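The values are calculated or read from the model by the stated rules, or taken from the named source; none is laboratory data. Fair warning: this is a prediction, and the values are worked out from it, not measured in the lab. With ideal geometry, Cβ positions are generated from the backbone for all residues, glycine too; neighbour counts draw on all protein chains shown. Calculation scope for accessible area: heavy atoms of the full protein, side chains included, ligands and nucleic acids excluded. Shrake-Rupley method; radii C 1.70, N 1.55, O 1.52, S 1.80 Å.
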Protein chains: 4
Amino acid sequence: MNDRSPTATLIADTGRGNEAAILNAALEAFGEKGFNGASMRDVARGAGTSLSNLYNYFPSKSHLLAEVLRRANDELYSRTRTAVEQAGDAAAARLRDAVRAYVGFVVDFQTAALVAISEIRYLDGDERERVVAARDSTQAIFEQIVAAGAGNGEFRTPYPADAARSIVSMCSAVSTWYRPGGRLSRGQLAEQHARYALALVEAPLAGLA
Amino acid sequence: MNDRSPTATLIADTGRGNEAAILNAALEAFGEKGFNGASMRDVARGAGTSLSNLYNYFPSKSHLLAEVLRRANDELYSRTRTAVEQAGDAAAARLRDAVRAYVGFVVDFQTAALVAISEIRYLDGDERERVVAARDSTQAIFEQIVAAGAGNGEFRTPYPADAARSIVSMCSAVSTWYRPGGRLSRGQLAEQHARYALALVEAPLAGLA
Amino acid sequence: MNDRSPTATLIADTGRGNEAAILNAALEAFGEKGFNGASMRDVARGAGTSLSNLYNYFPSKSHLLAEVLRRANDELYSRTRTAVEQAGDAAAARLRDAVRAYVGFVVDFQTAALVAISEIRYLDGDERERVVAARDSTQAIFEQIVAAGAGNGEFRTPYPADAARSIVSMCSAVSTWYRPGGRLSRGQLAEQHARYALALVEAPLAGLA
Amino acid sequence: MNDRSPTATLIADTGRGNEAAILNAALEAFGEKGFNGASMRDVARGAGTSLSNLYNYFPSKSHLLAEVLRRANDELYSRTRTAVEQAGDAAAARLRDAVRAYVGFVVDFQTAALVAISEIRYLDGDERERVVAARDSTQAIFEQIVAAGAGNGEFRTPYPADAARSIVSMCSAVSTWYRPGGRLSRGQLAEQHARYALALVEAPLAGLA
DNA sequence: TATGAATGAGATTTCATTCAT
DNA sequence: CATGAATGAAATCTCATTCAT
């Protein structure tokens, strides 16, 4: 398991001038001050460009948020799904690796994860629906695993339909308090949460690492 | 177990003119639009008074938020502690009742719970410290229970120092998605989360309801 | 010549409840922050009473200013006139004693003197006219002395019609920089300005102390 | 001696959009209503631009005042120093020309001179210190002349260390009452005050024009 | 693309003043 | 006389956004 430091920025160069710098600056600004607390001037300053130039890339502040959230959720979904696909057939292993991937993302891209949970409420209309759908896809991965595990007896939880949501809540909440360099490393956090998740769905102890 | 409906408003009449109305309106406004998204005009409108009159009660928007958060955290702490005190000596029973009380509060005062987790970041200085301390006191209740249970063998989790935080995260996250009239009742939510918590700390199945 | 410290407050108890306290608080507030910079709340705080109670004594902020200015100018006029009346017939002695009295007032009631020159511009209408008239009466004392001295040859200034204004300007400006406990005492300031005044109107040196 | 009319506006076009218009409007507004009595709306109206656009040029009302005061004091200092440098070595001639230049400035830029004396009190911190230093530099010119004249016997005043302040007070007070088109012309005012100053420091009559 | 200048709307907060008690 | 509560207007300043260049 890779315990390396994050790639630091979620959004890599997009090949379109300042676009990546703007998105990363928006991410930082929204993370630090919240969507409504951050101003377009903050974003411009962080991106090292002018206020008016932002509008050459994104038609509005809302679109900026939407794009940031879309990328964060896509990356989270993609990492989680890849991890599950490579985990074999056992529900316990799949849940363990899903949680590891999820928590790993939260640690690697803490700000992105924080923004993804806390600022989605400021989206409206179509933008919102698209992002909500992406978030729900990720949660659905966990729900399917838990349902499968409950179905084949691996998990004995009496609440297979609801447990996944609590697992996801628990994992994403890491973004609200995690600080790099703290007592717990990326790997430890992943392991702990994997165990919490398996215990929560009442997988037999033998299934625990 | 009491399954009654909430008392509806967290802040009861204080006997001081519009104070309670203002606090409740602030709670609603912050809950709906976030601290920075809600304006003092929104609060005034909700309280049925004039914008400038707000300042006869609270010297600033920040103080208003601080007071709302203080009351929400105090009530949550008080409910949780009372529940634990009446739960007997067994760690499992204490944890179960703490979770029930906590989730009960979240359901009863969903908005207050939501604001308490999501808007605390907009406080500064002393106000922030006081509210953070109140929040930490509540979490400490859970930490002590888990530590005690781990100490006497009731809980087998290898992470007794960290599990409590995940339990609290999981419980407070209910405020972000719960809707009255949904599939799960107040009592069901409390029971489910109590079981999640006991499973998470790896209490033997016999301890589960 | 009396070199005592000031009586500290220009406005003595008026026998009408809080009136004197309010006037003195207004004087301090206007002196410190200017008429527009000081609020009625500042005045109330300084007077140790409630905001609304101010309006039981004075119908508006402007009236408060007018009353403060009226009292300051009346006292200044009265002191100056008394000094001149007791000074004998010689223009030089009359001018010397007028200046001594004027500067003495400025030192004793620095704030009042400062407010009297700098805040009169914020009065309107009748209030303004009354205060301006009081101020002009004081200046007229100096003009008459200079005119008399120029008429009888005591003063040789070629500008007898204008010199008095400069003398008064010079004396009242003391209020803008004087600090109790500074290098120059009340008596020294009075003497210096008396000599400046006599020199300015070109009284022969023999007439100087 | 030049008796021409003023250049009308202290602040000439700076080549930066509306900057000069804003500074001149601020000068007028502060002169008419005082710093606290004038609103940023007044300034915007006077400058022919929008309220919010003011903040593209100056970050706050205080900065606007500071800049206005800085320019006024710089110009006054520069004019006075230039006059003295061209006046030869005799203290009497230097004092005479310094006063002429000072009073000339007051007449030419009456509003600027008025604001410079009366509104400096509303500055704080560094802004204040810088402007106070500029004002003191101008006064120091007069102090040096008087000290020199007292040293070489040209002036017989017993108060060489203090007389300069009174001279400056007297000259700057002209800004509080001068009205163009009044009885006294620019040149007459300059001459009168030059003579007052020389008399005040007790220069022998032979030295007077 | 990129920018500086511009703007109308709206933010929080303070104001002088009034009123019921 | 005295007060706390209330209010409409206006204060300074920031906002997202637009436009001419």
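Just checking, how many residues over the stretch D:59-79 are within 22 Å of the chain's Cα centre (by Cα), of a type outside the set (Ser, Thr, Tyr) and open to solvent by 30 Å² or more (accessible area, probe 1.4 Å)?
Residues in the stretch D:59-79 being within 22 Å of the chain's Cα centre (by Cα), of a type outside the set (Ser, Thr, Tyr) and open to solvent by 30 Å² or more (accessible area, probe 1.4 Å): 8 in total.
On the basis of being over 17 Å from the mean Cα position of the chain (by Cα) and farther than 14 Å from A:Asn24 by Cα, does A:Arg94 make the cut? Let's see the steps before the verdict.
Working: over 17 Å from the mean Cα position of the chain (by Cα): yes; farther than 14 Å from A:Asn24 by Cα: yes.
Spelling it out, A:Arg94 is indeed over 17 Å from the mean Cα position of the chain (by Cα) and farther than 14 Å from A:Asn24 by Cα.
Looking for whichever is within 11 Å of chain B (Cβ to nearest Cβ), small (Gly, Ala, Ser), under 25 Å from B:Leu184 (Cβ atoms) and under 16 Å from the mean Cα position of the chain (by Cα) here; the options are A:Ser137, A:Ser175, A:Ser169. Which one fits?
On the way: A:Ser137 fails: within 11 Å of chain B (Cβ to nearest Cβ); A:Ser175 fails: under 25 Å from B:Leu184 (Cβ atoms).
Matching residue, one of A:Ser137, A:Ser175, A:Ser169: A:Ser169.
Starting from residues that are within 17 Å of C:Ser50 (Cβ to Cβ) and more than 11 Å from chain D (Cβ to nearest Cβ), keep the ones in the stretch C:25-40 and report whichever is farthest from the chain's Cα centre (by Cα).
This residue is C:Met40.
Considering every residue within the stretch A:159-172, establish whether at least one is without any contact (Cβ under 8 Å) to a residue 12 or more places away in the chain, crowded, with 18+ Cβ neighbours inside 10 Å and under 21 Å from B:Asp162 (Cβ atoms). Full working, then the answer.
Kept after step one, since they are without any contact (Cβ under 8 Å) to a residue 12 or more places away in the chain, are these residues of the stretch A:159-172: A:159, A:162, A:169.
With crowded, with 18+ Cβ neighbours inside 10 Å added as a condition, the list becomes A:159, A:162, A:169.
Then drop every residue that is not under 21 Å from B:Asp162 (Cβ atoms), which leaves A:169.
Yes.
Out of curiosity, is C:Ala25 buried (at least 22 other Cβ atoms within 10 Å of the Cβ), free of Cβ contacts under 8 Å to residues at least 60 places away in the same chain and within 16 Å of DNA strand E (Cβ to nearest atom)?
yes
Return the only residue of A:Thr82, A:Thr9 being open to solvent by less than 60 Å² (accessible area, probe 1.4 Å) and away from every other protein chain (no Cβ under 14 Å).
A:Thr82
Let me confirm something: among C:Arg96, C:Arg41, C:Arg100, C:Arg81, which residue is part of a helix (DSSP H, G or I), among the basic types (Lys, Arg) and near DNA strand E (Cβ under 10 Å from one of its atoms)?
Going through C:Arg96, C:Arg41, C:Arg100, C:Arg81 in turn, the sole match is C:Arg41.
Kindly indicate the residue of the stretch A:44-58 that is in contact (Cβ under 8 Å) with a residue 12 or more places away in the chain and surrounded by fewer than 18 Cβ atoms within 10 Å (Cβ to Cβ) and also farthest from DNA strand E (Cβ to nearest atom) among those meeting that condition.
Ranking the qualifying residues of the stretch A:44-58, first place goes to A:Arg45.
Of the numbered conditions (1) away from DNA strand F (no atom under 11 Å from the Cβ); (2) more than 14 Å from every other protein chain (Cβ to nearest Cβ); (3) open to solvent by 50 Å² or more (accessible area, probe 1.4 Å), B:Arg16 satisfies every one except a single condition; which is it?
Of the numbered conditions (1) away from DNA strand F (no atom under 11 Å from the Cβ); (2) more than 14 Å from every other protein chain (Cβ to nearest Cβ); (3) open to solvent by 50 Å² or more (accessible area, probe 1.4 Å), the odd one out for B:Arg16 is (1).
One residue is enough: does the stretch C:113-133 have a residue meeting the conditions modelled with pLDDT of 95 or more, open to solvent by less than 10 Å² (accessible area, probe 1.4 Å) and of a type in the set (Asp, Glu)?
Yes, the stretch C:113-133 contains at least one residue that is modelled with pLDDT of 95 or more, open to solvent by less than 10 Å² (accessible area, probe 1.4 Å) and of a type in the set (Asp, Glu).
Do any residues in the stretch B:185-202 that are over 13 Å from A:Ala163 (Cα atoms) and within 8 Å of another protein chain (Cβ to nearest Cβ) have Cβ atoms under 9 Å from those of residues that are part of a loop (DSSP other than H, G, I, E, B) and modelled with pLDDT under 95, where the two are at least six apart or on different chains, and which pairs are they?
Partner pairs satisfying both residue conditions: B:Glu202/A:Leu208.
For the stretch A:141-149, does any single residue satisfy the condition of being open to solvent by 40 Å² or more (accessible area, probe 1.4 Å) and in contact with an Asp or Glu (Cβ under 6 Å, 6 or more places away or on another chain)?
Pass one, the stretch A:141-149, residues open to solvent by 40 Å² or more (accessible area, probe 1.4 Å): A:143-144, A:147-148.
This time we only want the ones that are in contact with an Asp or Glu (Cβ under 6 Å, 6 or more places away or on another chain), so: none.
Scanning the stretch A:141-149, I find no residue that is open to solvent by 40 Å² or more (accessible area, probe 1.4 Å) and in contact with an Asp or Glu (Cβ under 6 Å, 6 or more places away or on another chain), so the answer is no.
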